[in-house]
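Visitor: One structure follows; several queries about it will come next.
The values are calculated or read from the model by the stated rules, or taken from the named source; none is laboratory data. Please read these numbers as outputs of a predicted model, since none were measured by experiment. Here the Cβ positions follow ideal geometry from the backbone for every residue, glycine too, while neighbour counts run over all protein chains shown.
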Amino acid sequence: MKILVINAGSSSLKYQLIDMDNEHVIAKGNCERIGIEGSLITHKTDDGRKVQLESNFPTHTEAFEKLLEVLTTGEGKVIDSIAEISAVGHRVLHGSEVYKESTLITDKVIDDIDSFRELGPLHNPPQAATMRACRKALGESVPMVAVFDTSFHQTMPEKAFMYGIPYEYYEKYSLRKYGFHGTSHRYVSGHYLKITGKKPEGTKVVVCHLGNGSSITAVKDGKCVDTTMGFTPLDGLIMGTRSGAVDPSVVTFMMNKEGFTPDEISSLLNKKSGFLGISGLSSDARDLVNASKEGNKRAKLACDMFRYQIKKYIGSYAAAMGGLDAVLFTGGIGENSDEARAEVCEGLEFLGIELDDAENKNKTGKDHLISKGKTEVWVIPTDEEMTIARDTKELVEKAGK
Ligand code: ADP
């Protein structure tokens, strides 16, 4: 069974074609700069071929059509025809309070995803459009599954997801904390249970997904009980270009002082803040680590802020869960930066956290235990695409499609 996994962002469309009989990735790629001049597709195959083509993608629909062409023709060809694609799994940013788990896609599901556009303005509309393009190109007989970034967090209790603003706005606009990166948090916390043989009941873990976007989740009894991202993926930790949590008065103060419109302040907080805004140098963590080693104070400050905030969330989530069995690091920074992990864990001995320095520095690229204390610390590389493909396979098989 070959499953196509689609991850449509605001101006990109990433994909993987996976053979689910052996969970082997046959090809993967990315259509970039959709709707922007200079759009291109980069495509890699499992036998080492790499194709890069400039093409014109005014919208996600043309990008999707192009990726089907690249999979079936030319230098990057990996299948003879689109008929070999048995099912498609789509990553969806926002499922509102409606979608608590992955679901088979019907016309109503696509309309719902489109209708959540206020909650995910940059992602939900192109994701719905991609689903429509996919249905048109592959036909009704190819089942599609939606896997939501928000659904893993739907188990949070009210006390964790409500904001302290008048209740009517929750009723009127569904204004609440949703949380994101759910597919990654679900995979990493579930994988930890699998590799350690622990039961979900009674197990308390904190998952730190640290990348360009970062979020931390408290998982108790296998379920999410709290997470750092909020109504949108802007909340919580300082990130590459996102501010993370700020006092809401900062927003009104800056609007008053600088005359920013709502769109301008949103762009400032989402695209010009975080590592980039603090350092004035780069949004990339590696650049900051290198610059701070060369004595750049603001690069060091950005790194310090990030690591300090992670430490605080680990402590607060241990308190929220009434204990802590493991801290799990994932994402580009979580998986690769031994320095960040060391600094985050330093001083957390009171929580039973004690890193094994050699193991922490050991770059295996695989799951591995990096601690020697009572509370385990693991590096677990995330695999969102495989999780989407597995959900897709399971739902399609269950439905007898
Ligand atoms: P995204 O959130 O876009 O999926 P990733 O999870 O791939 O991003 O993470 C990208 C981040 O990981 C970048 O900031 C990059 O600098 C950082 N990163 C990758 N390797 C290292 C490393 N060895 N040390 C520190 N940071 C790293």
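Visitor: Can we say GLY202 is surrounded by fewer than 16 Cβ atoms within 10 Å (Cβ to Cβ) and in contact (Cβ under 8 Å) with a residue 12 or more places away in the chain?
Guide: It is true that GLY202 is surrounded by fewer than 16 Cβ atoms within 10 Å (Cβ to Cβ) and in contact (Cβ under 8 Å) with a residue 12 or more places away in the chain.
This table checks each residue for (1) crowded, with 16+ Cβ neighbours inside 10 Å; (2) farther than 20 Å from ILE216 by Cα.
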| position | (1), (2) |
| --- | --- |
| LEU104 | yes, yes |
| LYS108 | no, yes |
| ASP111 | no, yes |
| ALA133 | yes, yes |
| LEU138 | yes, yes |
| HIS153 | yes, no |
| TYR163 | no, no |
| PHE180 | yes, no |
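Visitor: Cβ contacts < 7 Å: first residue in contact (Cβ under 8 Å) with a residue 40 or more places away in the chain and farther than 13 Å from CYS208 by Cα, restricted to segment 331-344; second residue near the ligand (Cβ under 6 Å from one of its atoms) and in a helix (DSSP H, G or I), any location; separation 6+ or different chain. Result?
Guide: From residues that are in contact (Cβ under 8 Å) with a residue 40 or more places away in the chain and farther than 13 Å from CYS208 by Cα, the pairs are GLU339/VAL289.
Visitor: Continuing with this model, one more query. Quickly run through segment 220-262 and pick out the residues that are within 20 Å of PHE148 (Cα to Cα), among the aliphatic types (A, V, I, L, M) and without any contact (Cβ under 8 Å) to a residue 40 or more places away in the chain.
Guide: Residue satisfying the conditions is LEU234 alone.
Visitor: When the residues of segment 250-292 are narrowed to those that are among the acidic types (Asp, Glu) and away from the ligand (no atom under 12 Å from the Cβ), which ends up farthest from LEU234 (Cα to Cα)?
Guide: Checked segment 250-292; the qualifying residue farthest from LEU234 (Cα to Cα) is GLU258.
Visitor: Mind checking which residues of segment 68-102 are part of a strand (DSSP E or B) and out of contact with any Leu (no Cβ under 7 Å at 6 or more places or on another chain)?
Guide: SER86, ALA87, GLY89, HIS90, ARG91, VAL92 - these are the residues of segment 68-102 that are part of a strand (DSSP E or B) and out of contact with any Leu (no Cβ under 7 Å at 6 or more places or on another chain).
Visitor: Any chance segment 340-354 includes a residue that's touching a helix residue (DSSP H, G or I) at 6+ places or on another chain (Cβ under 8 Å), within 16 Å of the ligand (Cβ to nearest atom) and not in a helix (DSSP H, G or I)?
Guide: Scanning segment 340-354, I find no residue that is touching a helix residue (DSSP H, G or I) at 6+ places or on another chain (Cβ under 8 Å), within 16 Å of the ligand (Cβ to nearest atom) and not in a helix (DSSP H, G or I), so the answer is no.
Visitor: I've got another one for you. Restricting to segment 209-243, name every residue that is out of contact with any strand residue (DSSP E or B) (no Cβ under 6 Å at 6 or more places or on another chain), near the ligand (Cβ under 10 Å from one of its atoms) and under 16 Å from VAL344 (Cα atoms).
Guide: LEU210, GLY211, SER214
Visitor: Within segment 307-318, does at least one residue satisfy the condition of being hydrophobic (A, V, I, L, M, F, W, C), within 27 Å of THR364 (Cβ to Cβ) and more than 16 Å from the ligand (Cβ to nearest atom)?
Guide: yes
Visitor: Here is a check on your reading of the model: is GLY323 of a type in the set (Gly, Ala, Ser), within 20 Å of ALA218 (Cα to Cα) and assigned to a helix (DSSP H, G or I)?
Guide: It is false that GLY323 is of a type in the set (Gly, Ala, Ser), within 20 Å of ALA218 (Cα to Cα) and assigned to a helix (DSSP H, G or I).
Visitor: Here's something else I'd like to know. I need the full set of residues from segment 357-401 which are among the charged types (D, E, K, R), buried (at least 20 other Cβ atoms within 10 Å of the Cβ) and over 26 Å from ASN22 (Cβ atoms), in order please.
Guide: Across segment 357-401, the qualifying residue is only GLU376.
Visitor: Within segment 137-169, work out how many residues are touching a residue at least 40 places away in the same chain (Cβ under 8 Å), outside any loop (DSSP other than H, G, I, E, B) and not β-branched (Val, Ile, Thr).
Guide: Counting residues in segment 137-169 that are touching a residue at least 40 places away in the same chain (Cβ under 8 Å), outside any loop (DSSP other than H, G, I, E, B) and not β-branched (Val, Ile, Thr) gives 10.
Visitor: When you look at SER273, is it polar (S, T, N, Q), surrounded by 16 or more Cβ atoms within 10 Å (Cβ to Cβ) and touching an Asp or Glu at 6+ places or on another chain (Cβ under 9 Å), yes or no?
Guide: Considered against the rule, which asks whether it is polar (S, T, N, Q), surrounded by 16 or more Cβ atoms within 10 Å (Cβ to Cβ) and touching an Asp or Glu at 6+ places or on another chain (Cβ under 9 Å), SER273 comes out as no.
Visitor: Could we say that THR183 is more than 25 Å from LEU288 (Cα to Cα) and within 14 Å of the ligand (Cβ to nearest atom) here?
Guide: So THR183 fits the description; yes.
Visitor: Sticking with this one: Condition first: charged (D, E, K, R), touching a helix residue (DSSP H, G or I) at 6+ places or on another chain (Cβ under 9 Å) and not in a strand (DSSP E or B). Now tell me which residues in segment 1-27 satisfy that.
Guide: Within segment 1-27, GLU23 is the sole residue that qualifies.
Visitor: Does ARG117 satisfy the criteria of being charged (D, E, K, R), modelled with pLDDT under 95 and surrounded by fewer than 17 Cβ atoms within 10 Å (Cβ to Cβ)?
Guide: In short, yes.
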